[in-house]
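Single-structure report; data block below.
The values are calculated or read from the model by the stated rules, or taken from the named source; none is laboratory data. For clarity, every value in this text was computed on a predicted model and none was experimentally measured. Cβ sites come from the backbone with ideal geometry, for glycine too, and all protein chains shown count toward neighbours.
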Ligand code: NAP
Ligand code: GLV
């Protein structure tokens, strides 16, 4: 059996796959292009991929032997799940293990934007700090503020837990009610428009799907308080980036903390980079050594199990297979 691993991983994870297959590891610190992926995965029974790899019908058609796709991430929006179902390819991902780590980063962005942490650091390093003054870098209050959690799933729930610890009031939207969050953190379910109007902070935690692409656009940003702060650690395209720039530039909202972007890496000429009231990070929500090591191991375990015809520990539910036209 053969497997392609689309980036170098911790040795233990590589060994897990090597125990059941002949492994080839993509040797560069950049994603393979679509053509390179086809070439390097030729004859592969399984691929361990990253969220930067596009797994679509064209790729699957070019790799008829492929049976398993194991993603080292929880989000699988880079994978065409319908195409995988149609080609009889099973998919695995790494849910749960990164939940707390990503929730921590969402809160880090919330605190950084509210309390102007990055602005303050830039100010100090630029030698502009001449005196303590009453309103110097005065930011927004966190305790007592209302946070609106869009998508009360695993990560949203852990953000709610942390927000409750900061004495925040919590409102949320989700497709289904979340009685545990309501009971444990006093969270109250709202429509999206109610949540936007009420919240001092809006934190986005839905997967990227056809339903959530552009979920927060110009109208939604206009519905937020002018003092509100938007945090996005989900996927860039859940928020319209152009509309967000306009809203930040024109003071329709106060600030944003972003770990994810419509295009990653964000192009250095993106207008967002000209704004002082945005804190931007390079998609590092789950980036602690321990969590990334665990994610690599789960992805390896999924791939090794699938290659041996065993159930993957963390399979992704696929849509119903559609007949070829
Ligand atoms: P999850 O447990 O599946 O939670 C997703 C939540 O979104 C669910 O509660 C779901 O509602 C809700 N939802 C889905 N569609 C919705 C819609 N149209 N409107 C409102 N709510 C909707 O997923 P998770 O593990 O928390 O991860 C969430 C996402 O975070 C991932 O898909 C990934 O894209 C992103 N992520 C980013 C990083 C990073 O490094 N920045 C790290 C990890 C994850 P129901 O429960 O009612 O179905
Ligand atoms: C990271 O963005 C993930 O989806 O795991």
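Pairs linking a residue in the range 83-103 that is under 11 Å from residue 69 (Cα atoms) to a residue that is in a loop (DSSP other than H, G, I, E, B) and within 9 Å of ligand 2 (Cβ to nearest atom), with Cβ atoms under 9 Å and 6 or more positions apart or on different chains, are 91/76; 93/72; 93/73; 93/74; 93/75; 93/76. A count restricted to the range 79-109 and to residues that are within 13 Å of ligand 2 (Cβ to nearest atom) and within 16 Å of residue 63 (Cβ to Cβ) stands at 1.
Just checking, does the range 117-126 include any residue being within 16 Å of ligand 1 (Cβ to nearest atom), touching a helix residue (DSSP H, G or I) at 6+ places or on another chain (Cβ under 7 Å) and farther than 30 Å from residue 307 by Cβ? No, there is no match, as no residue in the range 117-126 is within 16 Å of ligand 1 (Cβ to nearest atom), touching a helix residue (DSSP H, G or I) at 6+ places or on another chain (Cβ under 7 Å) and farther than 30 Å from residue 307 by Cβ.
Taking the criterion of being within 13 Å of ligand 1 (Cβ to nearest atom), within 20 Å of the chain's Cα centre (by Cα) and farther than 19 Å from residue 203 by Cβ, would at least one residue in the range 316-323 satisfy it? Yes; the residues of the range 316-323 include at least one that is within 13 Å of ligand 1 (Cβ to nearest atom), within 20 Å of the chain's Cα centre (by Cα) and farther than 19 Å from residue 203 by Cβ. Count of the range 80-107 residues, restricted to those that are within 16 Å of ligand 1 (Cβ to nearest atom), in contact with a strand residue (DSSP E or B) (Cβ under 8 Å, 6 or more places away or on another chain) and part of a helix (DSSP H, G or I), is 2.
The helices (runs of 4 or more DSSP H) found wholly in the range 179-291 and carrying at least 2 residues that are out of contact with any strand residue (DSSP E or B) (no Cβ under 8 Å at 6 or more places or on another chain) and farther than 17 Å from residue 159 by Cα occupy 192-198, 218-223, 241-249. Scanning the range 210-229 turns up no residue that is crowded, with 23+ Cβ neighbours inside 10 Å, within 15 Å of ligand 2 (Cβ to nearest atom) and within 21 Å of residue 148 (Cβ to Cβ). On inspection, residue 142 qualifies as buried (at least 18 other Cβ atoms within 10 Å of the Cβ), part of a loop (DSSP other than H, G, I, E, B), away from ligand 2 (no atom under 16 Å from the Cβ) and at pLDDT 95 or above.
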